[in-house]
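Notes follow the structure.
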Amino acid sequence: MLASLGCGNPTALAKLNLGEVVLDLGSGGGIDVLLSAKRVGPTGKAYGLDMTDEMLALANENKRKAGAENVEFLKGEIEHIPLPDNSVDVIISNCAINLSADKNRVLREAIRVLKPGGRFAVSDVVTRGEIPAAVRQSVLLWVGCLAGALEENEYNARLESAGFEQIEIEPTRIYRIEDAREFLSGQNIDVDAIAPQVDGRFMSAFVRAVKPQREETCCVPTCCQ
Ligand SMILES: C[S@@+](CC[C@H](N)C(=O)[O-])C[C@H]1O[C@@H](n2cnc3c(N)ncnc32)[C@H](O)[C@@H]1O
């Protein structure tokens with residue numbers, strides 16, 4: 001519990017099968033990696049990727065305590081994933097992609113390392129509809145995790161242009177104005193004045209997409225037989 005800084009529960013929502021390779025982008029204290037490792041079993045493998053030494057140290061300590069052997073924590077950036085092409089069955093992530101300053105690059109890297117037919121199944125914070133910049137900034141201060149949140153249609157479009165298909169964005173928690181009232185009042189913000197632009201516009205969501213199966217290209221007359 002102490003090691004979790006997420007905004008959802010991707011391991012509960014993602015379908016993981018025995019023997020699969022899972023990669024958690026921005027794995028933090030490693031809780032979702034350890035849960036995934038159990039689900040894929042000893043013939044599978046769970047990788048966690050994080051750029052922060054402190055989080056990697058915590059994750060490795062948690063790995064040691066859990067006695068997990070099919071787990072590896074990698075140091076690196078989610079914009080430059082240190083794994084080969086077509087090597088991962090499922091990418092999970094819990095509230096980390098929204099923190100990236102180059103989300104297109106993250107999505108391109110995700111599709112590169114996924115195997116054909118591989119699944120992208122992440123929890124992230126998204127926004128809904130147009131929100132004035134000043135209001136957005138006030139609310140974004142409320143939860144640090146919201147800082148780089150994408151609008152849901154924008155997220156969909158970016159996944160599509162990275163090459164994903166079967167894209168679904170399903171809200172798992174919609175934030176109401178009452179959730180933020182105390183914080184915003186403390187910032188001297190007239191909460192009732194901005195309520196219509198905030199209520200229901202920020203949410204945690206489960207974002208799903210699939211890398212297309214590789215298309216067969218015939219180069220000689222017999223290759224499709
Ligand atoms: C909000 S925490 C979530 C941690 C974990 N997924 C969880 O649910 O507890 C975000 C994590 O992503 C990592 N992170 C943020 N940006 C990153 C990047 N560009 N590359 C790699 N890791 C990143 C941070 O170091 C941090 O551990």
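Residue pairs, Cβ under 8 Å, 6 or more apart or interchain, first in the stretch 168-188 and more than 19 Å from Leu150 (Cα to Cα) and open to solvent by less than 60 Å² (accessible area, probe 1.4 Å), second assigned to a loop (DSSP other than H, G, I, E, B) and of a type in the set (A, V, I, L, M, F, W, C). List them.
Taking only residues 6 or more apart or on different chains, not a single pair turns up.
Give the residues of the stretch 44-67 that are open to solvent by less than 40 Å² (accessible area, probe 1.4 Å) and either more than 11 Å from the ligand (Cβ to nearest atom) or not in a strand (DSSP E or B) (or both), sorted by residue number.
Taking the stretch 44-67 and keeping what is open to solvent by less than 40 Å² (accessible area, probe 1.4 Å), we get 44, 46, 48-50, 56, 59, 62.
Gly44, Ala46, Leu56, Ala59, Asn62 - these are the residues of the stretch 44-67 that are open to solvent by less than 40 Å² (accessible area, probe 1.4 Å) and either more than 11 Å from the ligand (Cβ to nearest atom) or not in a strand (DSSP E or B) (or both).
Could you run through the stretch 87-96 and say how many residues are within 11 Å of the ligand (Cβ to nearest atom) and modelled with pLDDT of 95 or more? Steps first, please.
Keep residues of the stretch 87-96 that are within 11 Å of the ligand (Cβ to nearest atom), which gives 92-96.
Still in the list and also modelled with pLDDT of 95 or more: 92-93.
Residues that pass the stated criteria total 2.
Does any residue of the stretch 70-79 turn out to be over 23 Å from Phe206 (Cα atoms) and among the polar types (S, T, N, Q)?
In the first step, residues of the stretch 70-79 are kept if they are over 23 Å from Phe206 (Cα atoms); the result is 70-76.
Next, only the ones that are among the polar types (S, T, N, Q) stay: 70.
Within the stretch 70-79, one or more residues are over 23 Å from Phe206 (Cα atoms) and among the polar types (S, T, N, Q).
Out of the residues in the stretch 68-86 that are outside any loop (DSSP other than H, G, I, E, B) and farther than 25 Å from Gly117 by Cβ, which is nearest to the ligand (Cβ to nearest atom)?
Lys75
Considering only residues that are free of Cβ contacts under 8 Å to residues at least 60 places away in the same chain, acidic (Asp, Glu) and either closer than 18 Å to Ala46 by Cα or buried (at least 21 other Cβ atoms within 10 Å of the Cβ) (or both), which ones fall in the stretch 83-139?
Hits for the stretch 83-139 are Asp85, Glu109.
The values are calculated or read from the model by the stated rules, or taken from the named source; none is laboratory data. The model shown is predicted, which means the values in this text are computed figures rather than measured ones. Positions of Cβ are backbone-derived with ideal geometry, glycine not excepted, and every protein chain shown enters the neighbour counts. Just the protein is used for accessible areas: all its heavy atoms, side chains included, with ligands, DNA and RNA removed. Shrake-Rupley method; radii C 1.70, N 1.55, O 1.52, S 1.80 Å.
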